[in-house]
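Here it is, the structure, as C-alpha cells.
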Amino acid sequence: MTATAEAEPEVGAVESFTVTLKILRHDPDGLDGREPGTEYWEEFEVQAHATDRVLDALHAIKWEQDGSLAFRRSCAHGVCGSDAMRINARNRLACKTLLKDLNPARPITVEPIKGLPVEKDLIVDMEPFFASYRDIMPFLMASGPAPERERLQSPEDRERFDDTTKCILCAACTTACPVFWTDGQYFGPQAIVGAHRFIFDSRDEGEWDRLEILNDKAGVWKCRTAFNCTEACPRGIEVTKAIAEVKRALTSGEV
Amino acid sequence: MAAPELTTPRQRPANLRTLGRTQRWGWMYQRISGVILIALIFTHLFVNLMVGDGVSQIDFAFVAGKWADPLWQWWDFAMLVLAMTHGTNGMRILVDDYARRPWLRATLQWALLITMVVIIVLGSLVIWTFDACPLDSSGDLMPGVPSFCESVV
Amino acid sequence: MTEHEYDVVIVGAGGAGMRAALESSQRAKTAVLTKLYPTRSHTGAAQGGMAAALANVEDDNAEWHTFDTIKGGDYLVDQDAAEILCTEAIDAVLDLEKMGLPFNRTTAGKVDQRRFGGHTRNHGEAAVRRACYAADRTGHMILQTLYQQCIKQEVEFFNEFYVLDLILDGDPQAAADGDEVAVAGVVAYQLSTGEVHTFRAKSVVFATGGAGKVFKTTSNAHTLTGDGMGIALRAGLPLEDMEFFQFHPTGLAGLGILLSEAARGEGGILRNSEGERFMERYAPTIKDLAPRDMVARAMANEVREGRGCGPNKDYVLLDLTHLEPKHIDEKLPDITEFARTYLGVEPYTEPVPVFPTAHYAMGGVPTNVNAEVLRNNTDVVKGLYAAGEVACVSVHGANRLGTNSLLDINVFGRRAGIAAAEYATSIDAGPALPADAASRVEGMVTSLRETVGGSGTERVAQIRKELQETMDMNVQVFRTAESLAEAASVVRDLRERYESIAIHDRGTRFNTDLLEAVELGFLLELAEVVIAGADGRKESRGGHYREDFPTRDDENYMQHTMVYSTPDGLRMDWKPVVVTKYQPMERKY
Amino acid sequence: MWMWVVHRTTGVAIFFFLVIHVIDTSLVRVSPEAYNLIIGHYKSPIFGIVEAGLVGAIILHAFNGLRVIAVDRWNWALRHQRMLVWIVWGIFAVLMAGFLPRHLMNVFGGAH
Ligand SMILES: Cc1cc2nc3c(=O)[nH]c(=O)nc-3n(C[C@H](O)[C@H](O)[C@H](O)COP(=O)(O)OP(=O)(O)OC[C@H]3O[C@@H](n4cnc5c(N)ncnc54)[C@H](O)[C@@H]3O)c2cc1C
Ligand code: HEM
Ligand code: SF4
Ligand code: F3S
Ligand code: FES
C-alpha cells in the first residue's frame, strides 16, 4: 500500500489496488458497426486484491462491465488447460498468473495465443492443435494377450516418462514456439510431449511408429531449441528436454 | 470385464520414411559440418586477418602464396564445400519455414540448389586450376619473382 | 437448426462420460456431446486416488471395502450397489492400467496404493492402503487415458455443445406406475455458432458431473453448474438425496482450491491456533484420516470455538513441515504448488491455511445399479441412463469416501455405456422427436437475447453471488431450521429477480454470457432442491448436519429423499434404503 | 528465442557473404588485376567495418551453434542453457575485443 492518506488497513484486510487490462478483442459478429472479424484493443480498469489472478480480473470485467468479453475457463486452478493466453507478451494460464506478479502499475496486455485462428476475443480454434495431438497416436500400443493383472513396471521405468504425463493440453507451449508461428505445419512441442509420454513408457510397443511420425517434415527436426515452450509450460514440464530425448532416440536408434 | 482391445496402430502415410530421412540427415549434417567448420573457419580468419598485417596484407600475392601449398588448397576446398552445403541446408530450412506457397517454395529451393552447385564448382575450379605464376601478366603484380614461382621461371 | 440421429448419445465427457463412450462406441453408433473439450472436464482435477482392494501392498478385500463404503456413507448407502462398486473396483483399476494409465508403482512393479480417509482393514481396525494413485494427479491421468482411448477408437465428439433439454416420450409424473416412458433425444446449443441442434437417440446417458457452484467456497470448476440435474428436474424427473453435499476439509482458505486428502494420507496433520492436533479429540483411532464430514465439522467447530488461525481466526492449519521435502515432492507435487502459487505459503516450512470447501454432490439423478434413471421409486425411463457425479446410485449415501468417486465414474460409467448400447441395439427405433422438440431451448435463447440492452435489469453475476453467499452462510457444514428458512426465502427472491435478468452479449458466436445465464437458472433450481431436502431431513447424518437435530435417526430417516418439481412447487417423497448385510451401527472412528 | 533469431540472421548473413566472397575470390583466376581492385575495396574503412561485423556474426553463429549442439546432446547443457547463452556472448565479447583493435588498426592503418 502506498503512503497516501488512506486509512490504516484493517488487520487481516487484503490490500486492494487498481489494475488496467488492455485486451485484444476480436468481434466475429460485427456489432456496433464493426466489420465482422474486426480486431481492436480495449482497456478496462478493475479493483483487485493481492491474491487475485488475471482470471479474476477477466471475470470482474465480464461480470460487471462488459458481458460480451469471451474467454474459456473452467477449473480456475491450472489443471484443465482452458485458459492459456498471451499475458504481457508471454503465454500463461490466466488462472495461475497473479496480478501482483505482473507489475500492476502498468496496463496488463492480454491477447489470444498466437498461431491458431481466433474465433472471438481470447477464444481460438483449438482443432488444429488437437489434430496434431491425435496424429502422434497418443494411446498405449501393446501386442499380445492382455495380462490377467496389471502389466508390471518398475518405479524407475515409471519415472522415465513422469514429466510428460503432466501435460494438460493447454497449448501454451505450441503457440509460444516461433517455428510454429512461421509455419503452421510443425506438429508443435505439445505433440512431441504427447508422443514422448508413450515412447518412453516401458509398457508401450508403438515407439517406432511414433518416432517415424516425428521423423517427418513437420516433426521434431523443425525444433530449433528456442526454449519458448519450456518457459511457457504452466505445468513446469521440461518440454525442450523431452524434444531433445526424442531427437536422441532418432539419431541413436535407441529408446 | 475387459479393457477395450489394444488394437494395432492405424496405417500411416506411406512415404514418411524417405521424407523423414532427409529431415533427419539434414539436422545431423548441420551439426557435424558445424563442428568441423569451426576449426576451418577460425584458422582461416586467424591466418588472413590476424597474422601479419591483417586484412591489409591480402592481395593477389597473398592468395597466390597460400594456394601454392596443397594443404591450404585442401583446406579452403573443404571449407568451401562444407560451408556452402551447411549454409544451403540452413537456407533450405528457412525457405521451408517462411515460403508457404508451394511454387514459391519450389522456386527458392531450386535457386538455392543451383547457387550452391555453381558456387562450389566455381570455387573448386579456382582453387584447383589456380595458376600462381601468371607468366603473361605484367611484373607489377608480383614485384620480383616469388620463391614459389622459381621452378616455373 | 440441425438434426442428428444416433443410437446412443452421451452427455458429458468427463470420466463417466468417456468411460461410457468407450463401451458404447464399440457396440452402437455413439455421439458424445460436451460443453467443454473432453480434457477440460473436472475429473482432471481429482488428485488423491481411486479405491480398489487390489491388496498389492497389504491384506485387503472387496468386502472390507464395501463395509467401509457403507459405514462411511452413514448407512444411507444402497448396499447392493456398494457391493457391485467394490467388487468391480479391482477390474476397473486393472482396466485403466491396461489402457495405459501410469499408476505409481511398488518396487515389485505393481500398482502402488496408499491410505485414504475412512478406508480401513477388517471393519475399522486400522487405516488400510487401498487408494491406487498416480502422484496427486490421479484424476488427470484417468481423464487423459480415457480421452486417449477415445481417440484410438475414433469416438465422435461434439465439443462445446451445451445440452439444455431432454425430450421424453410420455410424462414421467403423470404416467401410472408400470407405464412406459421412454427417451427420445436431447437438444443442444452449439457455442461456436449459437445454433440449436436436436439429437434423436435410442439411448441417452447423462454424465454431466457435479453442481458445486451452488456454493461460494468450492473445489469445483466454474462450469460445474449441475446442468444434468437441472435438466432432469425440468423434464419431470426426481432428484435424490440432494441435501447431502460433501464439504472437503482441506480447501485452501478463502479460495476453496482443493488440497487432496492424500496430504493427510501421506502424514499431514491438522492443527488449531494452539498448535493442537485437534482430530485426536474427535476421532481417537484414525485421527486426521477420519471421514470427510467429521473432519470438516471438527474444523468448523474449532473455528467456531475461537481456536481458528489467522487474523480473522477463520481457518485451521494443515501441517506438512515434519515430512521430508523429498517425500512431499514425490507424492504431493501439485498440491504443494497450489499452496505456493495461490497463498504464497511454502509447505516445506510453513503450515498451510485450510478450511472446508464444497466438494461433491452425493445426491443426483436417481438410478438403479444398471445406471437406468428412475422416474419414481421403482420405474425406469426407457433408454435413459446416468452415471458419475450427476447420478445417485446411491453408493455414497450420506457421505462419500475419498477415492470412491473416481471408482464410481469408472464402474458405473462402464455399466451405463454397455446398458445404453445394448438397449439401443435391442430396439428397432426409439420414439420420434416431436416437431417442436427444440422450441423450449429456442424460446429460452430468444428470450434471453431480447433482454440485451432492453427489458432486463438484473445481472447474472450479482444474482449468482448472492445465491452462493447465502448457501455458504446457511446451508454449509452446520444447518438449522432457521438458516434453511432464511436460505429458502433468499433463493425464492433471487428466482423472481432471475425473471428480469439481462445479458450483455448480442452476438451469436461464443456467447458465453448467455450460457452463464442459463447455468444460473439451473443453479437456482438446484439450490431450492438442496434446501428442501435439508429441511425435510430432520436428523444429522453424514454430510448433512442439523444443529437442531444433532443425532442420526434411523427410525424415521433411513430413507432417501426424492424431490420432484411440479407446477405447484417442489414435492418431496421418500425412497427406502437397500440393506443387504450390514445393519446400521454408530459411526465411530 | 532471441538467440534463435540471432542464429538465423547471422546464418543468412554469412551465407550471402560466402556467395559473394567466392565469386570475388574467383576473380583471382579470371583476372588478377580485377581481384586486386576489388580486394582494394575490401581494404576501405567501410568494408573494414562490414568485415568486422561479419567476423562478429561468424563468432556468434559458431559458438551459438556449439551451444545448440550441446543442448541437444546433454541434459546438463539443456538445463543450463541460459547460462550458456551468456557464455556465448562472453566469448563473443572476448574474441571481438582481441580482434577488433587489431583489425581496425589494420583497416585504418592500411588505407592511408
Ligand atoms: C478438486 C477435486 C478433487 C477430487 N479428488 C478426488 C479423488 O481423489 N478421488 C475421487 O474418487 N474423487 C475425487 N473427486 C471427485 C471426482 O473427481 C468427481 O466426482 C468425478 O470426477 C466426476 O466425474 P464426472 O465424469 O461425473 O463429471 P466431470 O468430470 O465433471 O465431467 C462433466 C462433463 O459433463 C459435461 N457437461 C456438463 N454439463 C453439460 C451440458 N449441459 N451439456 C453438455 N455437457 C455437459 C462437461 O463438459 C464435462 O465433460 C474430486 C473432485 C474435485 C473437484
Ligand atoms: C563456424 C561454424 C559454424 C557452426 C558451429 C554452425 C552451426 C550451426 C548449427 C548447429 C546449425 C543448426 C541450428 C539448429 O538446428 O537450430 C546451424 C544453422 C545454420 N547455419 Fe551454421 N554454423 C557454422 C557456420 C555457418 C556458415 C559459414 C554459414 C553460412 C554459409 C552458416 C549458415 C547457417 C544457416 C543459414 C543456418 C540455418 C539457421 C536456422 O535454421 O535458423 N553457418 N549452424
Ligand atoms: S506441454 Fe505444458 S504448455 Fe504444452 S500443452 Fe502440455 S501443459 Fe500446456
Ligand atoms: S519453442 Fe519451439 S523451437 Fe523447439 S524448443 Fe520449443 S519447440
Ligand atoms: S481455468 Fe483450468 S487451467 Fe485455468
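Just so you know, all these numbers are worked out from the coordinates, no wet-lab data involved. Every value quoted in this text rests on a predicted model; they were computed, and no experiment measured them. Every residue, glycine among them, receives a Cβ derived from its backbone with ideal geometry; neighbour counts consider all protein chains shown.
Taking the Cα-to-Cβ direction at residue C:274 and at residue B:118 and moving 7 Å from each Cα, how far apart do the two end points lie in nm?
For residue C:274 paired with residue B:118, the spin-label model returns 9.2 nm.
Quick one: work out Rg over Rh on the C-alpha atoms of region C:120-193, Rh as Kirkwood radius.
1.22
Give the order of C:343, C:237, A:99 when sorted by the count of other beta carbons within 10 angstrom, beginning with the fewest.
The order, fewest Cβ neighbours first, is C:343, A:99, C:237.
Please compute the modelled spin-label separation between residue A:208 and residue C:578, points set 7 Å along Cα→Cβ, answer in nm with one decimal.
Taking the simple label geometry, residue C:578 and residue A:208 are separated by 5.1 nm.
Still on this model: Please average, across the residues of B:23-35, the number of beta carbons from any other chain that are within 10 Å of each residue's own beta carbon, and give a whole number.
4
Still on this model: Give me a comma-separated list of calculated 3J(HN,Hα) values for region C:159-174, in order, Karplus coefficients 6.51, -1.76, 1.60 applied at θ = phi - 60°, integers in Hz, x for any Gly or Pro.
3J(HN,Hα) across region C:159-174, in whole Hz: 7, 6, 10, 8, 6, 10, 8, 10, 9, 10, 9, x, 8, x, 8, 7.
Might you report the magnitude of the Cβ-based charge dipole of chain C about its Cα centre, with Lys and Arg at +1 and Asp and Glu at -1, to the nearest 20 debye?
In debye, rounded to 20, chain C gives about 1100.
Going by amide H atoms built from the backbone, whose H comes under 5 Å of the H on residue A:70, apart from near neighbours?
The answer is A:122.
Give me the dipole magnitude in Debye, nearest 20, for region C:349-495 about the Cα centre, with unit charges on the beta carbon: positive for Lys and Arg, negative for Asp and Glu.
Dipole size: approximately 140 debye.
Taking the Cα centre as origin and putting +1 on Lys and Arg beta-carbons and -1 on Asp and Glu beta-carbons, what dipole magnitude results for region A:16-124, to the nearest 20 debye?
Magnitude of the dipole: close to 600 debye.
Any idea what the alpha-carbon Rg over 2.2 N^0.38 Å comes to for region A:16-124?
1.01
Cα atoms only, region A:53-182: Rg and Dmax in Å?
For region A:53-182, the Cα radius of gyration and maximum Cα-Cα distance read 18.7, 62 Å.
Something else now. Compute the separation of the alpha-carbon centres of region C:91-106 and region C:136-200 and state it in Å as a whole number.
27
If we restrict to alpha carbons, what Rg and Dmax does region D:2-107 come to, in Å?
Every Cα atom of region D:2-107 included, Rg and Dmax give 16.9, 54 Å.
Each label point is 7 Å from the Cα along the Cα-to-Cβ direction; what then is the distance between the points at residue C:492 and residue D:75, in nm?
Label at residue C:492, label at residue D:75, 6.6 nm between them.
For region C:51-92, what does the convex hull of the Cα positions come to per residue, in cubic angstrom? Don't jump to the answer; show the numbers that get you there.
Working: hull volume 2.4 nm³, N = 42.
Dividing the Cα hull volume of region C:51-92 by its residue count gives 58 Å³.
Report the percentage of all Cα-Cα pairs in chain A whose separation exceeds 22 Å, rounded to a whole percent.
Working: 19576 of 32385 pairs.
Every Cα pair in chain A considered, those over 22 Å come to 60 percent.
Also: Restricted to Cα positions, what overall size does region C:81-162 have along the principal axes? Three whole-Å values, descending.
48, 33, 20
Further, regarding this structure: If you average the C-alpha positions of region C:391-464 and of region C:480-505 separately, how far apart do those two centres end up, in angstrom?
22
What residue among C:387, A:196, C:476 has its Cα farthest toward the positive end of the dipole of the protein assembly as shown, where the charges are +1 on Lys, Arg and -1 on Asp, Glu, each on the Cβ?
The one lying farthest along the dipole's positive direction is A:196.
Kindly put C:436, A:83, A:204, A:157 in sequence by how many other C-beta atoms sit within 10 Å of each C-beta, fewest to most.
Exposure proxy ranking, most exposed first: C:436, A:157, A:204, A:83.
If you don't mind, there's one more thing I want to ask. Under 5 Å between amide H atoms, partner at least 5 residues away or on a different chain: which partners does residue C:105 have, H built in plane at 1.01 Å?
C:112
Using the C-alpha gyration tensor of chain C, what are the square roots of 5 times its eigenvalues, in whole angstrom, with the largest one first?
Working: eigenvalues 250, 150, 113 Å².
Values for chain C, descending: 35, 27, 24 Å.
Note down the relative contact order for chain C as a percent, whole number, built from C-alpha pairs under 8 angstrom at least six residues apart.
The value is 21 percent.
Hey, got the average number of other protein chain Cβ atoms within 10 angstrom for residues in C:441-453?
The shielding value for this peptide is 0.
Putting +1 on Lys and Arg Cβ atoms and -1 on Asp and Glu Cβ atoms, find which of A:82, A:21, A:252 reaches farthest to the positive end of the dipole of chain A.
A:252
Taking a cut-off of 18 Å between Cα atoms, list the lysines near residue C:575, but don't count ones fewer than 8 places away on the same chain.
Partners found: C:538.
Ok, one more. Which of the lysines could a cross-linker span from residue C:581 if the Cα-Cα distance has to be under 18 Å and same-chain partners fewer than 8 positions apart are dropped?
Leaving aside lysines fewer than 8 places away in the same chain, those within reach of residue C:581 are C:71.
Towards the positive end of the charge dipole of chain C, with charges on Cβ (+1 Lys, Arg; -1 Asp, Glu), say which of C:197, C:72, C:309 has the farthest Cα.
Working it through, the farthest residue towards the positive pole turns out to be C:309.
Continuing with the same structure: Mind checking Rg over Rh on region C:467-564, alpha carbons, Kirkwood formula for Rh? Numbers along the way, then the final one.
Numbers: Rg = 16.6 Å, Rh = 15.0 Å.
Taking Rh as the inverse mean 1/r over Cα pairs, Rg/Rh reads 1.11.
Take every Cα pair under 8 Å in region C:384-505 that's 6+ residues apart, average their separations, divide by the length, and report that relative contact order as a whole percent.
Numbers: 70 pairs, mean separation 34.8, N = 122.
Normalised by residue count, the contact order of region C:384-505 is 29 percent.
Under the Karplus relation 6.51 cos²θ - 1.76 cosθ + 1.60, θ = phi - 60°, what is the ordered set of whole-Hz ³J(HN,Hα) values for region C:40-53, x standing for Gly and Pro?
8, 4, 6, 3, x, 7, 5, 10, x, x, 9, 7, 6, 7
Taking the highest mean first, how do the peptides A:240-249, C:346-355, C:49-58 order by number of other beta carbon atoms within 10 angstrom per residue?
The peptides rank, most packed first, as C:49-58, A:240-249, C:346-355.
Just to be sure I understand the rule: take each whole DSSP H helix in chain C, project its Cα atoms onto its long axis, keep it if the span is 24 Å or more and its mean Kyte-Doolittle hydropathy is at least 1.0. Which ones pass?
C:512-536
At what distance in angstrom do the alpha carbon centres of region B:57-106 and region A:18-94 lie from each other?
50
How high is the relative contact order of region C:506-578, given as a whole-number percent (alpha carbon pairs under 8 Å, six or more residues apart)?
Relative contact order for region C:506-578 comes out at 21 percent.
Fewest first, what order do C:564, C:385 take by the number of other Cβ atoms within 10 Å?
Lowest count first: C:564, C:385.
Follow-up. Can you give the Rg/Rh ratio of region C:391-514, where Rg is from the C-alpha atoms and Rh is the Kirkwood radius?
1.10
Here's something else I'd like to know. Cα convex hull of the protein assembly as shown: how many Å³ per residue?
204
Per residue of A:163-174, count partner chain C-beta atoms within 10 Å of its C-beta, then hand back the mean as an integer.
Details: counts 0, 1, 9, 7, 3, 7, 7, 2, 0, 0, 0, 0.
For peptide A:163-174, the averaged partner shielding equals 3.
For the peptides A:220-230, C:4-14, what is the packing order when you average, over each peptide's residues, the other Cβ atoms within 10 Å and list the highest mean first? Intermediate values should be presented prior to the final figure.
Working: A:220-230: 24.1, C:4-14: 26.6.
For the peptides A:220-230, C:4-14, the packing ranking is C:4-14, A:220-230.
Within a Cβ distance under 14 Å of residue C:448, other residues only, what is the Lys/Arg minus Asp/Glu net charge?
Net of charged neighbours comes to -4.
Could you give me the percent of Cα pairs per 10 Å distance bin for region C:1-150, shortest bin first, beginning at zero and ending with the bin that holds the maximum distance?
Pairs per bin, as whole percents: 11, 34, 33, 16, 4, 1, 0.
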